[in-house]
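Engineer: Please find one structure pasted underneath; my questions will follow.
The values are calculated or read from the model by the stated rules, or taken from the named source; none is laboratory data. In this text the structure is predicted, and so the values were computed from the model without any measurement. Cβ sites come from the backbone with ideal geometry, for glycine too, and all protein chains shown count toward neighbours. The accessibility values were calculated without ligands, DNA or RNA, using every heavy atom of the protein model including side chains. Shrake-Rupley method; radii C 1.70, N 1.55, O 1.52, S 1.80 Å.
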Amino acid sequence: MTIDLHKTGTPASDASDWLRPERYWPSLTAATAHLDAPVGALHLGALRHNALDMLRRAHGTPIRVASKSLRVRGIVEALLAMPGYHGVLAYTLAEALWLAATVDDVVVGYPTAERAAIRRLASDPELAKRVTLMVDSPAQLDLVDAVLPPGKRESIRVCLELDASWNAPVLGHLGVRRSPVHAPEDAAALAAYIVKRPGFELVGMMAYEAQIAGVVNQPAGRPVDGAVNRWMQSRSMPELRERRGRAVAAVREIAELEFVNGGGTGSLEATAADASVTEIAAGSGIFGGHLFDGYQHFTPAPAAAWALDVVRRPSRDHATILGGGWVASGPPAGDRLPKIVWPEGLVMESREMAGEVQTPVSGDAARRMKVGDRVWLRHTKSGELAEHLNEFALVDAGEVVDTIPTYRGEGKAFL
């Protein structure tokens, strides 16, 4: 099935279906009742709503699709068919080479040491035109040359990554530990080194402001944390905007950049306001994991979810579902776990929580559940679902209209 996110489902301005749990989740239950659990569902109206709302929030800045957060090739291709989306930010080189069979602009979001994949990239003129590697150190260039030296391979396109973290007064480093290139002068020095080195072409820059894009600013039940995060973000973004602007200007004096990438789902508005950025990478907001319920300035629809079966009743007050431990990356905490959304009133047991093979639940709803009943859950943020499911059921107008394979369903497991 070719997915057309221009036309499917509910209009983007009408989010009533997914804002009314008593209507939304029973509708998904009825639509997928004939499928054995675990059932992964993608609601096409909700997908369209999220895709269009992200474009609205980006204010005309193109969005590069972050494939790590989707891991469903058909959805990646559907987004790329929409005006406003272009190119993919992949998470491994092997994945990028696979996607490059149909996508002509793939940037690998992280440096690579995949030697077999480097050899394939460096030996194929068409792939070398379509795929860009991420670098932040001469050592990464050395590794490429060790696989195939200049003169025996294609020229390799590279993107220089600038560290977007904030060195805050008192609090210190806020952000993620990615690139060692922090100051504009460091970026210019590395750029000058790259352009003088045979066999490489500097075509882009990237700076991912994780402390803004990936940190919730209105977490449920934690008003103090929300206030602190909003304070941090309100100061970190101006610092980055000024520093990134100077770094990009310095590098542009050395190389003709095709793109400057930044941001993520949580920072679309703020990153779009940075004049030095030409595109924003985002993906998680398309599926709408529950992490994004904790943002003050937007609310994605729960377009992706999965259902598990109740298989036992260990006591009058408990039901047990088969599976459930589809946990997100990041600091171990409750917000990394899946969230039970239907039936309402189910609570995981604190001594077991979400388990690989079973998840006991209690609460008023548990007392009414029978063996064979369905429980719907939402993932936290990223590719957890596709790493456990071979396919998603595509739901539109209250019925399953088709299925679509995940990376796993296509026999791919990249990381």
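Engineer: Please work out if residue 319 is in contact with a Lys or Arg (Cβ under 8 Å, 6 or more places away or on another chain) and either more than 24 Å from residue 265 (Cβ to Cβ) or acidic (Asp, Glu) (or both). Full working, then the answer.
Structural biologist: Values: in contact with a Lys or Arg (Cβ under 8 Å, 6 or more places away or on another chain): yes; either more than 24 Å from residue 265 (Cβ to Cβ) or acidic (Asp, Glu) (or both): yes.
Answer is yes for this residue.
Engineer: While we're on this one: If you take the residues of the range 83-102 that are among the hydrophobic types (A, V, I, L, M, F, W, C) and open to solvent by less than 10 Å² (accessible area, probe 1.4 Å), which of them is farthest from residue 5 (Cα to Cα)? Before you say what the answer is, go through the steps one by one.
Structural biologist: Start the filter on the range 83-102 by keeping residues that are among the hydrophobic types (A, V, I, L, M, F, W, C), which leaves 88-90, 93-94, 96-101.
Subsequent filtering for residues that are open to solvent by less than 10 Å² (accessible area, probe 1.4 Å) retains 88, 90, 93, 96-97, 99-100.
Values: 88: 17, 90: 21, 93: 28, 96: 23, 97: 25, 99: 20, 100: 22 Å.
Looking at residues that are among the hydrophobic types (A, V, I, L, M, F, W, C) and open to solvent by less than 10 Å² (accessible area, probe 1.4 Å), I get 93.
Engineer: With the structure loaded, tell me whether residue 66 is hydrophobic (A, V, I, L, M, F, W, C), touching a strand residue (DSSP E or B) at 6+ places or on another chain (Cβ under 6 Å) and surrounded by fewer than 19 Cβ atoms within 10 Å (Cβ to Cβ) or whether it fails that test.
Structural biologist: Values: hydrophobic (A, V, I, L, M, F, W, C): yes; touching a strand residue (DSSP E or B) at 6+ places or on another chain (Cβ under 6 Å): yes; surrounded by fewer than 19 Cβ atoms within 10 Å (Cβ to Cβ): no.
No.
Engineer: Consider residue 374 carefully, then state whether it is at pLDDT 95 or above, basic (Lys, Arg) and within 16 Å of residue 307 (Cβ to Cβ).
Structural biologist: On the way: at pLDDT 95 or above: yes; basic (Lys, Arg): yes; within 16 Å of residue 307 (Cβ to Cβ): yes.
So residue 374 passes the test.
Engineer: When only residues in the range 147-173 that are surrounded by 13 or more Cβ atoms within 10 Å (Cβ to Cβ) and of a type in the set (Val, Ile, Thr) count, which is farthest from residue 237 (Cα to Cα)?
Structural biologist: Within the range 147-173, the subset surrounded by 13 or more Cβ atoms within 10 Å (Cβ to Cβ) is 147-148, 150, 153-168.
Now drop any that are not of a type in the set (Val, Ile, Thr), which leaves 147, 156, 158.
On the way: 147: 39, 156: 32, 158: 26 Å.
Only one residue fits best here, namely 147.
Engineer: Ok, one more. Does residue 299 fit the bill of being among the hydroxyl-bearing types (Ser, Thr, Tyr), more than 21 Å from residue 175 (Cβ to Cβ), at pLDDT below 95 and surrounded by fewer than 20 Cβ atoms within 10 Å (Cβ to Cβ)?
Structural biologist: It is true that residue 299 is among the hydroxyl-bearing types (Ser, Thr, Tyr), more than 21 Å from residue 175 (Cβ to Cβ), at pLDDT below 95 and surrounded by fewer than 20 Cβ atoms within 10 Å (Cβ to Cβ).
Engineer: If you don't mind, there's one more thing I want to ask. Scan 80, 35 and give me the residue that is within 16 Å of the chain's Cα centre (by Cα), closer than 29 Å to residue 326 by Cβ, open to solvent by 30 Å² or more (accessible area, probe 1.4 Å) and not β-branched (Val, Ile, Thr).
Structural biologist: Working: 35 fails: within 16 Å of the chain's Cα centre (by Cα).
Residue meeting the stated conditions: 80.
Engineer: On the given criteria, is residue 382 of a type in the set (Ser, Thr, Tyr), open to solvent by less than 30 Å² (accessible area, probe 1.4 Å) and within 23 Å of the chain's Cα centre (by Cα)? Working first, answer last.
Structural biologist: On the way: of a type in the set (Ser, Thr, Tyr): yes; open to solvent by less than 30 Å² (accessible area, probe 1.4 Å): yes; within 23 Å of the chain's Cα centre (by Cα): yes.
Yes.
Engineer: Which residue out of 371, 395, 401, 357 is over 28 Å from residue 117 (Cα atoms) and open to solvent by less than 10 Å² (accessible area, probe 1.4 Å)?
Structural biologist: On the way: 371 fails: open to solvent by less than 10 Å² (accessible area, probe 1.4 Å); 401 fails: open to solvent by less than 10 Å² (accessible area, probe 1.4 Å); 357 fails: open to solvent by less than 10 Å² (accessible area, probe 1.4 Å).
It is 395.
Engineer: Further, regarding this structure: Go through the range 327-362 and count every residue that is of a type outside the set (Ser, Thr, Tyr) and assigned to a loop (DSSP other than H, G, I, E, B). It would help to see each step written out before you state the result.
Structural biologist: Our first condition is that a residue be of a type outside the set (Ser, Thr, Tyr); within the range 327-362, this holds for 327-328, 330-349, 351-358, 360-361.
From the residues that got through so far, the ones that are assigned to a loop (DSSP other than H, G, I, E, B) too are 327-328, 330-333, 337-338, 343-346, 349, 351-357.
The total comes to 20.
Engineer: Scan the range 123-133 and tell me whether some residue there is part of a loop (DSSP other than H, G, I, E, B), open to solvent by 40 Å² or more (accessible area, probe 1.4 Å) and free of Cβ contacts under 8 Å to residues at least 60 places away in the same chain. Can you show your working first?
Structural biologist: Quick first cut of the range 123-133, residues part of a loop (DSSP other than H, G, I, E, B) only: 124.
Cutting the leftovers down to open to solvent by 40 Å² or more (accessible area, probe 1.4 Å) gives us 124.
Applying the additional criterion that residues be free of Cβ contacts under 8 Å to residues at least 60 places away in the same chain yields 124.
Taking every residue of the range 123-133 in turn, at least one turns out to be part of a loop (DSSP other than H, G, I, E, B), open to solvent by 40 Å² or more (accessible area, probe 1.4 Å) and free of Cβ contacts under 8 Å to residues at least 60 places away in the same chain.
Engineer: While we're on this one: Could you tell me whether residue 366 is of a type outside the set (Asp, Glu), modelled with pLDDT under 90, outside any strand (DSSP E or B) and open to solvent by less than 20 Å² (accessible area, probe 1.4 Å)? Explain how you work it out, then say what you get.
Structural biologist: Numbers: of a type outside the set (Asp, Glu): yes; modelled with pLDDT under 90: no; outside any strand (DSSP E or B): yes; open to solvent by less than 20 Å² (accessible area, probe 1.4 Å): yes.
When the stated conditions are applied, residue 366 does not pass them.
Engineer: Any residue in the range 344-362 that is touching a residue at least 60 places away in the same chain (Cβ under 8 Å) and at negative phi? Break it down stepwise before answering.
Structural biologist: Step one: list which residues in the range 344-362 are touching a residue at least 60 places away in the same chain (Cβ under 8 Å), which gives 344.
If we keep only those that are at negative phi too, we end up with 344.
So far as the range 344-362 goes, yes, one or more of its residues are touching a residue at least 60 places away in the same chain (Cβ under 8 Å) and at negative phi.
Engineer: For residue 380, work out the one condition from (1) in a loop (DSSP other than H, G, I, E, B); (2) closer than 27 Å to residue 50 by Cβ; (3) out of contact with any helix residue (DSSP H, G or I) (no Cβ under 9 Å at 6 or more places or on another chain); (4) not small (Gly, Ala, Ser) it doesn't fulfil.
Structural biologist: (3)
Engineer: Hey, another quick one. Do any helices (runs of 4 or more DSSP H) entirely within the range 213-316 hold 2 or more residues that are acidic (Asp, Glu), and if so, which? Don't jump to the end; show me each part of the working.
Structural biologist: Values: elements: 223-252, 268-272, 284-287.
By residue number, 223-252.
Engineer: Considering each of 329, 284 in turn, give the residue that is surrounded by fewer than 20 Cβ atoms within 10 Å (Cβ to Cβ), within 15 Å of the chain's Cα centre (by Cα) and on the phi < 0 side of the Ramachandran plot. Don't jump to the end; show me each part of the working.
Structural biologist: Values: 284 fails: surrounded by fewer than 20 Cβ atoms within 10 Å (Cβ to Cβ).
Being surrounded by fewer than 20 Cβ atoms within 10 Å (Cβ to Cβ), within 15 Å of the chain's Cα centre (by Cα) and on the phi < 0 side of the Ramachandran plot holds for just one of 329, 284, which is 329.
Engineer: What residue, among those in the range 5-27 that are open to solvent by less than 50 Å² (accessible area, probe 1.4 Å) and assigned to a loop (DSSP other than H, G, I, E, B), is modelled with the highest pLDDT?
Structural biologist: Only one residue fits best here, namely 5.
Engineer: Give the residues of the range 247-269 that are within 18 Å of residue 85 (Cα to Cα) and of a type outside the set (D, E, K, R), sorted by residue number. So that I can check it myself, show each step before the final result.
Structural biologist: Quick first cut of the range 247-269, residues within 18 Å of residue 85 (Cα to Cα) only: 258-269.
Answer for the range 247-269, where residues must be within 18 Å of residue 85 (Cα to Cα) and of a type outside the set (D, E, K, R): 259, 260, 261, 262, 263, 264, 265, 266, 267, 268.
Engineer: Identify, please: which residue in the range 179-237 is surrounded by fewer than 16 Cβ atoms within 10 Å (Cβ to Cβ) and of a type in the set (A, V, I, L, M, F, W, C) and is, among those, modelled with the lowest pLDDT?
Structural biologist: 228
Engineer: Regarding the range 239-260, can at least one residue be identified that is within 15 Å of the chain's Cα centre (by Cα) and either over 28 Å from residue 162 (Cα atoms) or buried (at least 21 other Cβ atoms within 10 Å of the Cβ) (or both)? Break it down into steps so the answer makes sense when it comes.
Structural biologist: Of all residues in the range 239-260, those within 15 Å of the chain's Cα centre (by Cα) come to none.
Checked against the condition, which is being within 15 Å of the chain's Cα centre (by Cα) and either over 28 Å from residue 162 (Cα atoms) or buried (at least 21 other Cβ atoms within 10 Å of the Cβ) (or both), the range 239-260 yields no hits at all.
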